[in-house]
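Quick notes on the structure that follows.
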Amino acid sequence: MSEASCISGPADLKRRARALKGPLPAAGLVAALGVCALALGAPQARAESMSSALSRAYVGNPDLNQQRAGVRAQDENIPRATAGWRPQASAGAQIGANYLDFRQSGGRLHGVTAPSNIGISVQQNVWDANRTLNSVRQAESGVFGAREDLRNTEQNVLQNGATAYMNVLRDTAVLELRRNNITVLEEQLRQTRDRFNVGEVTRTDVAQAEASLANSRSEYFTAQALLQNSIASFRQVIGVEPTRLEPARTIEALLPKSQGAAVDLALAEHPAIQGALHNVDAAEAQVKVIEAQLYPSLAVVASSQRYTDYQGTRNATLVNHQIVGQLTVPIYTGGSVDAQARQAKEQLTQARLVADLQRDAVRAAVVSSWGQLDTSRAVIQSAKAAVRAAEIALEGVREEAKVGQRTTFDVLYQQQVLLNTRVSLVTAQRDRVVASYAVMAAIGKLSAANLSLNVAEYDPTIHFQQVKDKWIGLRTPDGQ
């Protein structure tokens, strides 16, 4: 839509008011969501499209970025778990003062020495009843689950962005309709007063026109407040203030052909379900990790120690190197590990039930959003017919009023009917676009890739590959 279609001043308001007195083409009303969507910035500012707005949200939304940081933090559980297969080394040193006074058979040994020792110990796990193996599997399931949570967050952010975008368009169009209605009613009031002055109508007709104008102004201020609320939501999700928004289209072409196909796809691929299944895998591994504490473990321990002034004897030195196999067999842990195992099994049961719950929730979301999309299509067709009929009716009532067959109340009432039908059409057009995004999210396919957004897609596997085999290092891959 050209910039000229936006309201620029009182003259344009009057022009639109005059246009509203006659029939408004249905095609023009269908495009109402794009009429002067918002003009808060400079006239030269480039219009914002739905695609560019969602791209902003994908790159800069704080909720999405914090979830990405959470996935990177989850990646670090892999090297933490694999540390169980790696050697553990430690070094220690000790120094102090020792006073010795030893007497025997007339002999005496006494004095002050400074005994010290230094040593190093290395321990290598040989077998731990697969505790490390299951810990790694649990960490991997946690990483995969975090990625699914990230996908779900991406869907929510993009859906919220699309909703906020359409809300601004809808509320701006409604505000425009109510502003024009005020201008029309002001003209109606002027004409009614002129007719009252020449005795064609009564004081009651003037009062009715005044009441309609006052009510219209009240509705305008309410619409203005709703628009400000939508602008605030847009800023929260997208990250910038809306300037001039282009009309948006539905994404029904990306959806499955039937509701049944949509349900099947959602149950197979929705990130909420996939994340819940990964949580089940993690819970299963946790049971095995805990039970492994009740099994024997085997390790090899190597150490080297050097003592000076050994046992308080001046200039006495002891060097000790050893390597031993260390077998640990738990006998009784006081019931603590047993309780942990029982608790982990109950948590596994809970995780499985949560997965079933997610399936039901996803199925319900698909059916609900699909129904909303079908309803919005039907409402649009009905609203278009209602607008056409209301335009004809208003034109007829005005002509009949000129010859005294209709009252001022009839004209005002029909004007309100036409306004309401136009608002209903604008709302239905918004609902259709929002519902199409809701269906896309419900089936688990609302992503930057599927929407072909012009952004560099975030790849969580890059950080995973950077850290999964790290043996040492305190800095993150990005240098923190």
Tally time: how many residues in segment 298-343 are among the small types (Gly, Ala, Ser), modelled with pLDDT of 90 or more and within 30 Å of Phe102 (Cβ to Cβ)?
2
Residue in segment 396-409 that is within 24 Å of Glu219 (Cβ to Cβ), of a type outside the set (Ser, Thr, Tyr), out of contact with any Cys (no Cβ under 7 Å at 6 or more places or on another chain) and part of a loop (DSSP other than H, G, I, E, B) present:
yes
Considering only segment 188-195, I want to know if a residue exists there that is surrounded by 17 or more Cβ atoms within 10 Å (Cβ to Cβ) and within 30 Å of Thr243 (Cα to Cα).
no
Considering each of Ile443, Ile392, Ile462 in turn, give the residue that is on the phi < 0 side of the Ramachandran plot, over 21 Å from the mean Cα position of the chain (by Cα) and in contact (Cβ under 8 Å) with a residue 12 or more places away in the chain.
Ile392
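With the requirement that a residue be polar (S, T, N, Q) and either part of a helix (DSSP H, G or I) or at pLDDT 95 or above (or both), what does segment 245-286 give you?
Matches in segment 245-286: Gln259, Gln274, Asn279, Gln286.
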Could you grab me the full set of residues in segment 438-447 that are more than 21 Å from Gln381 (Cβ to Cβ) and crowded, with 21+ Cβ neighbours inside 10 Å?
Met440, Ala441, Ala442, Ile443, Gly444, Lys445, Leu446
Keeping to segment 456-468, report how many residues are touching a Pro at 6+ places or on another chain (Cβ under 7 Å) and over 14 Å from Arg72 (Cα atoms).
0
One residue is enough: does segment 290-299 have a residue meeting the conditions touching a residue at least 40 places away in the same chain (Cβ under 8 Å), closer than 30 Å to Ala91 by Cβ, surrounded by 14 or more Cβ atoms within 10 Å (Cβ to Cβ) and more than 49 Å from the chain's Cα centre (by Cα)?
no
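What residue, of Ala339, Ala378, Ala386, is surrounded by 15 or more Cβ atoms within 10 Å (Cβ to Cβ) and either part of a helix (DSSP H, G or I) or free of Cβ contacts under 8 Å to residues at least 24 places away in the same chain (or both)? It would help to see each step written out before you state the result.
Values: Ala339 fails: surrounded by 15 or more Cβ atoms within 10 Å (Cβ to Cβ); Ala378 fails: surrounded by 15 or more Cβ atoms within 10 Å (Cβ to Cβ).
Of the residues listed, the single one that is surrounded by 15 or more Cβ atoms within 10 Å (Cβ to Cβ) and either part of a helix (DSSP H, G or I) or free of Cβ contacts under 8 Å to residues at least 24 places away in the same chain (or both) is Ala386.
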Note on segment 292-311: residues within 13 Å of Gln340 (Cα to Cα) and touching a Lys or Arg at 6+ places or on another chain (Cβ under 9 Å) are Ala292, Gln293
So which of Leu177, Leu169, Leu189, Leu185 is part of a helix (DSSP H, G or I) and either within 30 Å of Glu269 (Cα to Cα) or free of Cβ contacts under 8 Å to residues at least 60 places away in the same chain (or both)?
Leu189
Across segment 237-274, the tally of residues that are touching a Phe, Trp or Tyr at 6+ places or on another chain (Cβ under 8 Å), over 30 Å from Arg46 (Cα atoms) and either of a type outside the set (S, T, N, Q) or not assigned by TED's automatic domain parsing to the domain that holds Gln358 (or both) stands at 1
Please state which one of Leu185, Leu254, Leu245 is surrounded by fewer than 19 Cβ atoms within 10 Å (Cβ to Cβ) and of a type outside the set (S, T, N, Q).
Leu254
Condition check: crowded, with 19+ Cβ neighbours inside 10 Å and not hydrophobic (A, V, I, L, M, F, W, C). Does Glu200 satisfy that?
no
Can you go through Val411, Val417, Val354 and tell me which one is of a type outside the set (Lys, Arg), surrounded by 14 or more Cβ atoms within 10 Å (Cβ to Cβ) and within 30 Å of Gln159 (Cβ to Cβ)?
Val354
Selection within segment 316-335 - small (Gly, Ala, Ser) and surrounded by fewer than 10 Cβ atoms within 10 Å (Cβ to Cβ)
Gly325, Gly334, Gly335
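The values are calculated or read from the model by the stated rules, or taken from the named source; none is laboratory data. Just so you know, these numbers come straight off a predicted model, no measurement behind them. All Cβ positions, even for glycine, are placed from backbone atoms using ideal geometry, and neighbour counts span all protein chains on display.
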